[in-house]
Each structure stands twice: as C-alpha cells, then as structure tokens.
Amino acid sequence: MTNLTKEKSAAAYLLSAPVIVASLGYFVDIYDLLLFGIVRIPSLTELGLNEAQVSIEGASILNWQMTGLLLGGILWGVLGDKKGRLSVLFGSIITYSVANFACGFVHDVTLYKLLRFIAGIGLAGELGAGITLVSESLPKRLRAIGTSVVAGVGLMGAVAGYFTVEMFSWRNAYFIGGGMGILLLFLRIGVFESGMFHTMKEKSNVAKGNFLSFFTKKSRLILYLKCIGIGLPTWYVIGILATFSNEFGKALGITEAIQPGLAVMWCYVGLSAGDLVSGMVSYWLESRIRAVTYMMIFTAIGAIVYLYGGINTAFGLYGMCLWVGFGIGYWAMFVTIGAEQFGTNVRATAATTIPNMVRGTVVLMTTFYTTLKPIVLPLNAAALLGLICFGIGFYCIRTIPETHHKDLDFIED
C-alpha cells in the first residue's frame, strides 16, 4: 500500500460518520454542560434571588447537576454495554435536550434543580459512548487521532456557550442548546453500531455492563482507579484554577476584575487544541503513556507559573488559563485509555463512568480548597491541592499498562 493510499484511507476513517457524529454530539454536550455555570448569576438574579442566595442556590444547583452526572454515568454505561453504543447516543441526547428546553421556561429554583439533575443524567452518556464507538470503529493506529478529533471539536462547545450567552438571553441560550441536540438526532440516523458490540452481544453466556465487576477483582479495581487518577489534574485545572480565577487574581494583586467565565472559556480553547495535539503525539510516539506524561508535565509547570510566577495583569492570567488548558488536552486520551483497558462487555461502562467519576471529584477538590483557603491563603491552598492531584496523576499514568497497540476485541471475565 502506498503512502498516498494510506493517507486517503486515514482521511476516510477520520471523516467517517461515527467520528463526525460523536464530535458534534460532544460539542452540544459541552455547550449544555457548562451553560449553567455561564448563566448562573443572570438566571438566578432574574428569578428574584439576592447575591447571597445566588451563591448558595447556585452551588446547590451545580451539585444537583454533578450528582446527575455521576448517576447517569453508571446508567448509560450499563445501557451501552447491554443495548449498544448507539442506544446511549440517542437516549442521552434526547434526555439532556428536553431538559435544556425546559430550563428556558423555569420560574422556580426547585424546578431548576430538578431539571439540571435530569440534564446531568443525560449529559453523562455522550462522551463515553462516543469514544467507545469511535475506538471500536477505527484501526489501532488511528484510535488516538480519532478520539482526539472528537474531543477537540466537542470542547469548542464551551466557546460557543460563552458567546451565545453574550449575544442572547439566558433563556434563549437554553433553547438554542436544546435545539442543537434535536437537530443532531437526525444526523445520527443511519450511523452503524460497533461490530465488536454485535459480536459480543451474540454471546449469551457473557455478563454485559456489570458495573459491580470493577469492584469484584482486585487487579481490575486497581486498574479502574488508576484510570480515574489520570484524569484528576484535568478537573483541578478547570474546577479550581479556572473557576476560582477571580480569587487568584485578587491574591496576585491584579487590579482588573477577573471574569471566571472568560477564564473557563480560554481554558477550553486551550483544551480543544491540546486534545488534537495529544492525539498526534500519541500517534507519532506510538504510546499513550508517554503522550499523557508529557502533557501532564507541561500542565504542572503551567500551574506553578499560574500561582507563583508573579502574573500581574488580567491578560497574563487568561494567557495562563490557555496554557494549562492546552496541557490538560489529554482529556480524550485519558478517556480512550479507560476504554482500551477493559473488555467489550464492560467497555462502555468504563468509558462512561470514569470521566464522570473524575468530574465528581470536583466536589472534594472545592471542599478541600475552601476549607484550607482561610488557613494558608488561596494560592497556597490551590498549590497543595495541585500537589495531590498531580502526584496521583503521575503515579497512575506511569504504572498503567500501555494500550496503543492493544487489540480491543476481547471479553472481560
């Protein structure tokens, strides 16, 4: 086969329906996932809450959404292994699209919480099912690039969410998110199910989608926990460095007010670019472990500069959000590693629950940070938390099995 033929073949795979549909699905998923964080203040203010209530109820609504993500990760993961990857791609988008439409009509905080909980359940299934379908549909050599394309395109949904809210009211932003999801449903018609899933489905003696199986065998549990550990630095950057950027700006003596929403947007711009680059790096190095390690080192250096580099302008702080965002661009690689570690009969469960478990650790991170902040000040509290997250992340990526050349057509016992 000539190099030209190889290139054409690679392009055909990377522009195939599973990759395109998964990419657009993750775009809408990220748009909807971050939308409440962007419209939190204007939406709750319009509902009649004062500043103190906005802070308390906003945190409560976010916790309801994160709880939905945790439960939804298990629900969709099990369904993906029992009924198929496509069933999740259809079911999840219907769930969160309807919930987002309804959020545009809310006039009550209690209903708002319920709808964000339902939206969280729906949002939990998109990435894991998409990564699983793409991983099982592409050749070994292209898996890293394919899944990175999915995340690289998808993560730009954060940028779309920010500018949508800038141009439209918060209610219309929810309507737009719901509408994009419904339109995407039509694009998914005609996408074929994973061949590996069809082969596994015919084996009646194989246990499918058993979430508890990750806890019944010591070696499998350790592997599962290591997959989660690899992702901790990603949400340390998003959930702490970017989300609390206004506090760090004050601690650094920056006179201009830092907008957390803008910091998160720049973080996701970097994250999108980093995901595309990390896939290429893994492809060139023929190693998931080395690619993620290098990205993690780059992120750790950026976090140190962010906190102790003497940044004294808003421009500089946003620039560091771009830096650390690029560094955690191994997000898709981390989910791919989780999918590749486990057999076809629990692969969707692993790929869906692992990233949502990482998202769920944000509650622990914010609790640690807010508890320690009055004692050692914001910058030092964030640094201590970062030391823990990166320490766990480096240990896990350096001790997990390499999966770049791994054949995914196997069953978990």
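Going through (1) under 30 Å from residue 10 (Cα atoms); (2) open to solvent by 60 Å² or more (accessible area, probe 1.4 Å); (3) among the small types (Gly, Ala, Ser) one by one, residue 129 falls short only on (2).
Of all residues in the range 34-52, one or more are buried (at least 21 other Cβ atoms within 10 Å of the Cβ) and either small (Gly, Ala, Ser) or touching a Cys at 6+ places or on another chain (Cβ under 7 Å) (or both).
Is it the case, given these coordinates, that residue 135 is among the polar types (S, T, N, Q) and farther than 15 Å from residue 177 by Cβ? For residue 135, the condition - among the polar types (S, T, N, Q) and farther than 15 Å from residue 177 by Cβ - is met. Within the range 395-413, restricting attention to residues that are of a type in the set (Val, Ile, Thr) and either in contact with a Leu (Cβ under 8 Å, 6 or more places away or on another chain) or assigned to a helix (DSSP H, G or I) (or both), which residue is nearest to residue 65 (Cα to Cα)? Result: 397.
Of the helices (runs of 4 or more DSSP H) lying entirely inside the range 211-329, those containing at least 2 residues that are open to solvent by 40 Å² or more (accessible area, probe 1.4 Å), in contact (Cβ under 8 Å) with a residue 12 or more places away in the chain and not basic (Lys, Arg) span 245-251, 260-285, 288-308, 314-327.
Could you look through the range 360-413, keep only residues that are open to solvent by less than 30 Å² (accessible area, probe 1.4 Å), of a type outside the set (A, V, I, L, M) and closer than 30 Å to residue 139 by Cβ, and pick out the one that is nearest to the chain's Cα centre (by Cα)? The residue in question is 393.
Across the range 336-394, the qualifying residues are those that are farther than 17 Å from residue 239 by Cβ, out of contact with any Lys or Arg (no Cβ under 7 Å at 6 or more places or on another chain) and not in a helix (DSSP H, G or I), and the one among them that is modelled with the lowest pLDDT is 344. Among all residues of the range 83-92, there is none that is open to solvent by less than 50 Å² (accessible area, probe 1.4 Å) and of a type in the set (Phe, Trp, Tyr). If you go through the range 53-68 and pick out every residue that is open to solvent by 80 Å² or more (accessible area, probe 1.4 Å), closer than 23 Å to residue 359 by Cβ and in contact with a helix residue (DSSP H, G or I) (Cβ under 9 Å, 6 or more places away or on another chain), you end up with 1. Once the range 160-177 is narrowed to residues that are aliphatic (A, V, I, L, M) and open to solvent by 20 Å² or more (accessible area, probe 1.4 Å), the residue that is farthest from residue 330 (Cα to Cα) is 167.
Give 132, 95 a once-over and let me know the one that is farther than 19 Å from residue 47 by Cβ, at pLDDT 90 or above and of a type in the set (S, T, N, Q). Within the list 132, 95, the selection yields 95.
Among the residues of the range 95-102, at least one is crowded, with 20+ Cβ neighbours inside 10 Å, of a type in the set (S, T, N, Q) and in contact (Cβ under 8 Å) with a residue 60 or more places away in the chain.
The values are calculated or read from the model by the stated rules, or taken from the named source; none is laboratory data. What you see is a predicted model; the values in this text were computed from it and never measured. In this analysis, Cβ positions are derived from the backbone assuming ideal geometry, glycine residues included, and neighbour counts consider all displayed protein chains. Heavy atoms of the whole protein, side chains included, go into the accessibility calculation; ligands, DNA and RNA do not. Shrake-Rupley method; radii C 1.70, N 1.55, O 1.52, S 1.80 Å.
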